[in-house]
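Asker: A single structure is presented below for examination.
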Amino acid sequence: MKQLLIVLEPVIWFMFGQGIMIGTILLTGWLIVVGVGVPMGIFPADALAYERMHMLGSNVIGRVVLLGLIVLPLWKGAHHLRSLAVDFGGGDRDAIVGSLLYLIAIVGSLLGIVAVIRL
Amino acid sequence: MSDVQIKKFVVTRFDPDKDEVPRTDTFEVPCQSDWMVLDALNFIKDQLDGSLSYRWSCRMAVCGSCGMNVDGAPTLTCKSPLSSYGDTVEVTPLSNFPVIRDLVVELDGFMEKLKAVKPWIIRAKEKAVEEGPYRQSPEELEDFKQFSLCINCMLCYAACPVVGNEPDFIGPAAIALGYRYNLDSRDEGASERNAIFRGEGSVYSCSFANECSEVCPENVDPAAAINQAKLSGLVDWAASLVLPRGGKD
């Protein structure tokens with residue numbers, strides 16, 4: 001298992017890195033819109049109306065963006081939690097903990113794919 | 001004659017033949033205002049206790065021998081003015097290394113890692129001498145020059161939290177010195193090194209705490225080398241899946 005994690009490490013790092021980018025840039029913008037802009041009336045209240053959002057998210061580009069927003073932070077979270085576990089002295093169990101966390105990310109990613117296809 | 005100030009030095013001592021665990025000795029040193037930390041250690045060695053062991057050589061931040069923890073921070077002692085410290089200065093050996101004696105640490109592990117990343121020019125086929133030298137433009141030199149300035153002082157290993165947790169991690173200096181050759185226009189061994197960077201103790205263990213670059217006395221920025229090596233390793237790995245010869249040059 002440890003050897004498999006070493007082999008897959010480049011692609012895990014790539015997903016993790018993209019998850020950080022999504023988390024720090026796009027989700028920050030999303031929070032500004034949802035948490036500040038709309039409540040303060042900077043953006044019209046119907047900016048996030050279901051019909052508008054559905055139209056935005058149901059074309060091909062929208063589905064890909066939504067998939068990225070769902071999947072990449074899952075990998076970021078899994079990798080961060082794995083690093084956290086190692087930092088807290090879990091180095092001996094890294095292969096098990098890492099595999100379990102990435103398995104959760106894989107399951108979440110598959111569910112995300114199903115969700116955007118069915119949108 | 002510059003001003004003299006008495007400072008107290010609390011120095012780690014360890015004699016493997018006598019001591020079970022490290023202990024500390026305290027020395028009062030009349031420090032001149034223009035002294036570096038290393039000058040005070042030399043005063044202790046020359047005037048107070050000749051048995052104090054530590055490494056030093058050039059006194060001009062070139063040889064990288066005199067790295068120690070000063071007040072807990074990895075420091076090149078020949079480059080650190082005593083005026084930056086308080087009345088009491090604590091000097092301990094570099095963290096994350098076995099201690100041989102007093103302030104001298106064991107570097108064999110690092111030397112093995114350095115050798116493993118092949119820090120030399122690899123060519124598929126050497127040119128014959130009569131074909132002349134390998135030419136390189138100033139721009140090509142700039143690509144890797146920064147990473148070649150490492151003086152192997154080991155401050156980055158002492159500062160790195162990943163080295164502390166994962167002793168197999170190749171580590172900042174060795175990655176910077178290996179990756180330096182990946183950027184060298186004369187080199188053809190990037191794939192070999194990338195495979196090593198992706199293997200046991202891989203570059204992907206780095207959690208980008210950036211402490212290595214913070215403490216580097218030569219501004220090598222090993223954290224940048226590690227991140228570039230991660231991307232390079234990823235591209236090489238992806239290429240190895242789709243190209244017949246893998247990611248080989």
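Asker: Classify the protein assembly as shown: rounded, prolate or oblate, from the alpha-carbon gyration tensor (a ≥ b ≥ c, eigenvalue square roots; a/c under 1.5 rounded; otherwise prolate if a/b is larger than b/c)?
Answerer: Numbers: a/c = 2.23, a/b = 1.62, b/c = 1.38.
In terms of gyration-tensor shape, prolate.
Asker: Rounded to the nearest 500, what is chain A's calculated 222 nm mean residue ellipticity when only DSSP H runs of at least 4 contribute -39500 (n - 2.57) each, over all residues?
Answerer: Working: 5 runs with 85 residues, N = 119.
Value at 222 nm, helices only: -24000 deg cm²/dmol.
Asker: Rounded to the nearest 500, what is the 222 nm mean residue ellipticity of chain B from helices alone, with -39500 (n - 2.57) per DSSP H run of 4+ residues and division by all residues? Don't jump to the answer; show the numbers that get you there.
Answerer: Numbers: 9 runs with 80 residues, N = 249.
Mean residue ellipticity at 222 nm (helix-derived): -9000 deg cm²/dmol.
Asker: Within 10 Å, at most 15 other Cβ atoms, and a DSSP state outside H, G, I, E, B define an exposed site. Report the longest part of chain B free of exposed chymotrypsin sites (Phe, Trp or Tyr not before Pro).
Answerer: Longest run free of exposed loop sites: B:1-119.
Asker: Still on this structure, I have one more. How many Å³ per residue does the convex hull of the Cα positions in chain A occupy? Numbers along the way, then the final one.
Answerer: Working: hull volume 13.2 nm³, N = 119.
Given the Cα convex hull of chain A, per-residue volume reads 111 Å³.
Asker: Give the cross-link partners of B:K45 among the lysines, using a straight C-alpha distance below 18 Å as the criterion and excluding same-chain residues fewer than 8 apart.
Answerer: Counting by Cα, and skipping residues close in sequence, B:K45 has these lysines nearby: B:K7, B:K8.
Asker: Quick check: net charge around B:C31, other residues with Cβ under 13 Å of its Cβ, Lys/Arg +1 and Asp/Glu -1?
Answerer: Working: positive: B:K7, B:K8; negative: B:D3, B:E28, B:D34, B:D39, B:D87.
Net charge around B:C31: -3.
Asker: What are the ³J(HN,Hα) values, in whole Hz, obtained from phi via the Karplus relation 6.51 cos²θ - 1.76 cosθ + 1.60 with θ = phi - 60°, for each residue of region A:83-94 in sequence order, with x given for Gly and Pro?
Answerer: Values per residue, Gly and Pro as x: 4, 4, 4, 5, 4, 8, x, x, x, 5, 9, 4 Hz.
Asker: To the nearest whole number, what is the average tally of beta carbon atoms from other chains within 10 Å of the beta carbons of peptide A:8-15?
Answerer: Details: counts 2, 10, 15, 5, 1, 11, 7, 0.
Taking all residues of A:8-15 together, the mean is 6.
Asker: If you take every DSSP beta bridge fully contained in chain B, what fraction is antiparallel? Give it as a percent rounded to 5. Please report the intermediate quantities before stating the final value.
Answerer: Values: 19 of 23 bridges.
Rounded to the nearest five, the antiparallel share is 85 percent.
Asker: So if I place +1 on the C-beta of Lys and Arg and -1 on the C-beta of Asp and Glu, and nothing else carries charge, what would the dipole magnitude of region B:108-242 be about its Cα centre? I want it in debye, nearest 20. Present the calculation step by step, with values, prior to reporting the outcome.
Answerer: Values: 13 positive and 21 negative charges, 46 e Å.
I would put it at about 220 debye.
Asker: What is the sum of charges around A:F14, taking Lys and Arg as +1, Asp and Glu as -1, for the other residues whose C-beta is under 14 Å from the C-beta of A:F14? Display every interim value, and only then the final one.
Answerer: Numbers: positive: A:K76, B:R198, B:K230; negative: A:E9, B:D236.
Local charge sum for A:F14: +1.
Asker: Let me ask another. Let me check against my output: what whole-number percent is the relative contact order of chain A, with C-alpha pairs under 8 Å and at least 6 apart?
Answerer: On the way: 82 pairs, mean separation 42.4, N = 119.
Once divided by the residue count of chain A, the mean separation gives 36 percent.
Asker: While we're on this one: When the Cα atoms of region B:29-170 are enclosed in a convex hull and the volume is divided per residue, what value in Å³ results?
Answerer: Working: hull volume 24.4 nm³, N = 142.
Convex hull of Cα atoms, per residue: 172 Å³.
Asker: Still on this structure, I have one more. Which angle between 0 and 90 degrees, to the nearest 10, do you get for helix B:222-242 versus the longest principal axis of chain B when only C-alpha atoms count?
Answerer: Between helix and principal axis, roughly 20 degrees.
Asker: What translational diffusion coefficient, in µm²/s and rounded to a whole number, does the Stokes-Einstein relation yield for region B:12-102 at 25 °C and a viscosity of 0.890 mPa s, taking the hydrodynamic radius as the Kirkwood radius over Cα pairs? Before the final figure, lay out the partial values.
Answerer: Values: Rh = 13.6 Å.
For these conditions, the coefficient is 180 µm²/s.
Asker: Which lysines, on any chain, are close to B:K115 with Cα under 25 Å apart, when same-chain ones fewer than 8 places away are left out?
Answerer: Qualifying lysines at Cα under 25 Å: A:K2, B:K125, B:K127, B:K145, B:K230, B:K248.
Asker: Mind grabbing the base-10 log of I(q)/I(0) for region B:108-242 at q = 0.11, 0.14, 0.20 Å⁻¹? Debye formula, identical points on the C-alpha positions, no solvent, two decimal places.
Answerer: -0.39, -0.62, -1.16
Asker: Grab the other residues whose beta carbon is less than 14 angstrom from that of B:V89, score K and R as +1, D and E as -1, and report the net. Show your work: numbers first, answer last.
Answerer: Details: positive: B:K7, B:K8; negative: B:D25, B:E28, B:D39, B:D71, B:D87, B:E90.
Local net charge: -4.
Asker: Apply the a/c threshold of 1.5 to the C-alpha gyration tensor of chain B and tell me whether it is rounded, prolate or oblate. Mind dumping the intermediate values first?
Answerer: Numbers: a/c = 2.64, a/b = 2.03, b/c = 1.30.
Prolate is the answer for chain B, as a/c is 1.5 or above and a/b outweighs b/c.
Rule-based calculations on the coordinates, nothing more; no lab input. Predicted model only: the values in this text are computed from it and were never measured. FYI the Cβ positions are ideal-geometry reconstructions off the backbone, even for glycines, and counts take in every protein chain you see.
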